[in-house]
Amino acid sequence: MNLLYYGDNLDVLRRHVQDASVDLVYLDPPFKSNQDYNVLFAEQDGSRAAAQIKAFEDTWRWDQAAASAYQETVEAGGPVSQVMQAFRTFLGDSDMLAYLAMMAPRLMELRRVLGVRHGETGKAWREFNPTPKGRHWFVPPSELDKLDARGRIYWPKKAKNWPRLKRYLDDSLGVPLQDVWTDIPPINSQAKERLGYPTQKPEALMERIIQASSGDGNLVLDPFCGCGTTVAVARWPSCWPVGGSPTPRPAKLTGRSRRPRRSRARRSSSSRWLLRRPPTTTRSQIRTLPEAGNP
């Protein structure tokens with residue numbers, strides 16, 4: 001796969017990403033901070049360019065476009081439609097509703113492409129079915145039977161409570177990571193990986209998230225890929241990244257300054273960017289998006 005699109009991620013998701021085809025979605029979307037974010041480009045020799053370029057606007061206004069997006073979501077029906085109508089009752093035709101009208105269809109599409117898997121670990125076990133909860137067992141049901149036979153499954157007294165795995169100290173490889181990670185420092189002004197992009201994340205942070213949440217042969221999608229950290233870090237030979245950006249500026253940052261150690265960035269004449277596969281692949285395919293409105 002190894003593709004980086006720029007354009008409206010809603011359009012890309014609808015036209016180019018199949019149902020339940022993605023294994024991990026990482027996104028850092030706009031949060032309606034009511035700010036314009038600029039990027040100060042870093043040259044390849046480490047010096048700074050003089051001009052700041054607007055990277056993206058995180059300012060939303062209720063206008064005809066927002067009203068159309070809202071109406072499309074409402075007409076689709078279902079729980080999201082009901083929630084959006086409730087938001088409109090509560091918020092009115094406000095800028096916050098415009099932001100929600102932008103995010104709602106994109107989150108619905110991400111849910112579609114991520115899908116709910118129905119492999120062995122998604123099957124019901126002892127009348128407990130993890131799939132409706134959007135979860136999977138840690139191991140296949142056959143392994144759960146073996147764990148239960150060895151007394152490693154804890155069964156709560158209340159029948160409706162879910163069984164849990166008994167954990168012992170001698171099984172542990174160390175202290176599990178908690179919700180707050182303090183061992184990864186932020187990107188400082190002297191960091192070699194710093195690109196000047198306003199919301200850039202440390203590569204070590206993204207690497208931990210991807211390694212913990214995906215496996216061999218998995219497809220990783222970042223629909224708001226910014227300067228391309230997710231795309232660059234998802235670079236080991238068995239993991240294929242796909243990213244999207246609303247402007248070509250982040251794409252230029254990705255290909256110009258972010259050079260993954262195990263792959264190289266390549267640009268086509270139409271300025272679409274992608275990451276090439278590892279050396280085992282002899283060719284890489286550059287995907288050129290059709291013009292808006294064309295199939």
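The values are calculated or read from the model by the stated rules, or taken from the named source; none is laboratory data. Owing to the predicted nature of the structure, the values given are computational and were not obtained by experimental measurement. Neighbour counts are summed over all protein chains in view; Cβ atoms, including those assigned to glycine, are modelled from backbone coordinates with ideal geometry.
Considering every residue within the range 112-125, establish whether at least one is farther than 30 Å from residue 146 by Cβ and either among the charged types (D, E, K, R) or at pLDDT 90 or above (or both). Yes; the residues of the range 112-125 include at least one that is farther than 30 Å from residue 146 by Cβ and either among the charged types (D, E, K, R) or at pLDDT 90 or above (or both). Return yes when residue 149 is modelled with pLDDT of 95 or more, loosely packed, with under 12 Cβ neighbours inside 10 Å, of a type outside the set (Phe, Trp, Tyr) and over 32 Å from the mean Cα position of the chain (by Cα) and no when it is not. The answer is yes for residue 149. Of everything in the range 195-231 that is among the charged types (D, E, K, R) and outside any loop (DSSP other than H, G, I, E, B), the residue that is surrounded by the most Cβ atoms within 10 Å (Cβ to Cβ) is 222. Set side by side, the residues 96, 102 differ, and just one is among the aliphatic types (A, V, I, L, M) and under 26 Å from residue 22 (Cβ atoms), which is 102. Scanning the range 161-173 for residues that are assigned to a loop (DSSP other than H, G, I, E, B) and at pLDDT 85 or above yields 161, 162, 163, 166, 167, 168. Say whether the condition of being over 22 Å from residue 130 (Cβ atoms) and surrounded by 10 or more Cβ atoms within 10 Å (Cβ to Cβ) is met by at least one residue in the range 164-172. No, that holds for no residue. In the range 108-125, the residues that are farther than 24 Å from residue 75 by Cα and part of a loop (DSSP other than H, G, I, E, B) form Cβ pairs under 8 Å with partners that are modelled with pLDDT of 90 or more and not hydrophobic (A, V, I, L, M, F, W, C), at six or more places apart or across chains, as follows: 123/129; 123/140; 123/141; 124/141. Restrict the check to the range 176-194 and report whether at least one residue is modelled with pLDDT of 90 or more, more than 22 Å from the chain's Cα centre (by Cα), surrounded by 11 or more Cβ atoms within 10 Å (Cβ to Cβ) and farther than 26 Å from residue 229 by Cβ. Within the range 176-194 (the criterion being modelled with pLDDT of 90 or more, more than 22 Å from the chain's Cα centre (by Cα), surrounded by 11 or more Cβ atoms within 10 Å (Cβ to Cβ) and farther than 26 Å from residue 229 by Cβ), the answer is no, since none of the residues qualifies. Residue check: residue 154 meets all listed conditions (1) hydroxyl-bearing (Ser, Thr, Tyr); (2) over 32 Å from the mean Cα position of the chain (by Cα); (3) under 30 Å from residue 202 (Cα atoms) but one, namely (3).
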